[in-house]
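Comments concern the structure below.
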Amino acid sequence: MQTLTAILVSLRPRQWVKNLFVFAGLIFAQKLFTPAAWIAWAAFAIFCALSGAIYLLNDVADRERDRLHPTKRERPIAAGRLGAATAAAAAAVLIAASLAAAALLPRAFLVTAVAYVVLLVAYSAWLKHIVLVDVIVVASGFVLRAVAGAVAIRVEISGWLLICTILLALFLALGKRRYEYLALGGEAAEHRPILAEYSPALLDQMIAVVTASTVTAYALYTMSPETVAKFQTHLLPATLPFVLYGIFRYLYLLYRRQLGGNPSELFLSDRALRINAVCWILAVLLIIYGARLE
């Protein structure tokens, strides 16, 4: 029982909020209230299992370094509550079972799921040690989630969806790197070697560029003729204030409250971010589905 509990903790269920990107295609294809929603939920469950397996493998690879980290040393593998061999075996079983389930969905979904596993395993083993590539790979993982959700229900993958997803993911990944660099101080490179290649000034510049690009891309998306024609409404720009507040709130927490080491945890723990996200979702649903009912 203790082993199962340790495995479950290592799967990091609170991180599964990242897999909500799987539903982007469903929502913006206006299929939320159709049978396709059940397929999207299946895709979400598969990616929760896959991402959990990747966390297991990552913790196995980083167990020695995690033991020196002030918080990561409490993880089951680093703390010795879960053996490395057991964790690796559990990850292999989860990946195999998840890909077998993915094979029951459209082939494009299986291909995307395999690409996600290969990319994230490569990240754990190698790519996270290459400057700039590390954050781009993390952002690409979010894009693959969004793509998987779209191909699972056989809807067209919007270029806007991919652009906004990768920019937002880069924004969060760079914010996390900045937090880690400052929070760990002189020991940052010992816990995450790639941090030696960054500096606060460089990270601040990249965050500024990505922040502006994210807001601009979303604003252009809401106003583009393609979007207006698809949803038959000019009201989508009304959701922009929620996007602005969410980004500004995260920057406030990152720069003024010295938070942001784990964007998923921050989202779940910060009440203002949660309320804003719910308001944005409700506004989007009301606009794109309400316009369809008129």
Residue identified as crowded, with 21+ Cβ neighbours inside 10 Å and in contact with a Gly (Cβ under 8 Å, 6 or more places away or on another chain) among Ile153, Ile157: Ile153
Search result, residues across the range 73-132 that are within 23 Å of the chain's Cα centre (by Cα) and at positive phi: Leu132
Single match in Ser140, Ser213, Ser124 (criterion: more than 23 Å from Leu68 (Cα to Cα), surrounded by fewer than 20 Cβ atoms within 10 Å (Cβ to Cβ) and of a type outside the set (A, V, I, L, M, F, W, C)): Ser213
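This table checks each residue for (1) modelled with pLDDT of 95 or more; (2) touching a helix residue (DSSP H, G or I) at 6+ places or on another chain (Cβ under 9 Å); (3) under 29 Å from Glu64 (Cα atoms).
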position: Ala188; (1), (2), (3): no, yes, yes
position: Pro193; (1), (2), (3): no, yes, yes
position: Ala201; (1), (2), (3): no, no, no
position: Ala208; (1), (2), (3): yes, no, no
position: Ala229; (1), (2), (3): no, no, no
Elements of type helices (runs of 4 or more DSSP H) contained in the range 160-268, each with 2 or more residues being more than 17 Å from the chain's Cα centre (by Cα) and basic (Lys, Arg): none
Which numbered condition Leu104 misses (of (1) within 25 Å of Pro13 (Cβ to Cβ); (2) at pLDDT 95 or above; (3) surrounded by 16 or more Cβ atoms within 10 Å (Cβ to Cβ)): (3)
Selection status of Val131, open to solvent by 40 Å² or more (accessible area, probe 1.4 Å) and either assigned to a helix (DSSP H, G or I) or more than 18 Å from Trp16 (Cβ to Cβ) (or both): yes
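The values are calculated or read from the model by the stated rules, or taken from the named source; none is laboratory data. Just so we're clear, the structure is a prediction, and the values are computed from it rather than from any experiment. Glycine also receives a Cβ, built like all others from the backbone with ideal geometry; neighbour counts cover every protein chain displayed. In case anyone asks, the SASA skips ligands and DNA or RNA and just uses the protein heavy atoms, side chains included. Shrake-Rupley method; radii C 1.70, N 1.55, O 1.52, S 1.80 Å.
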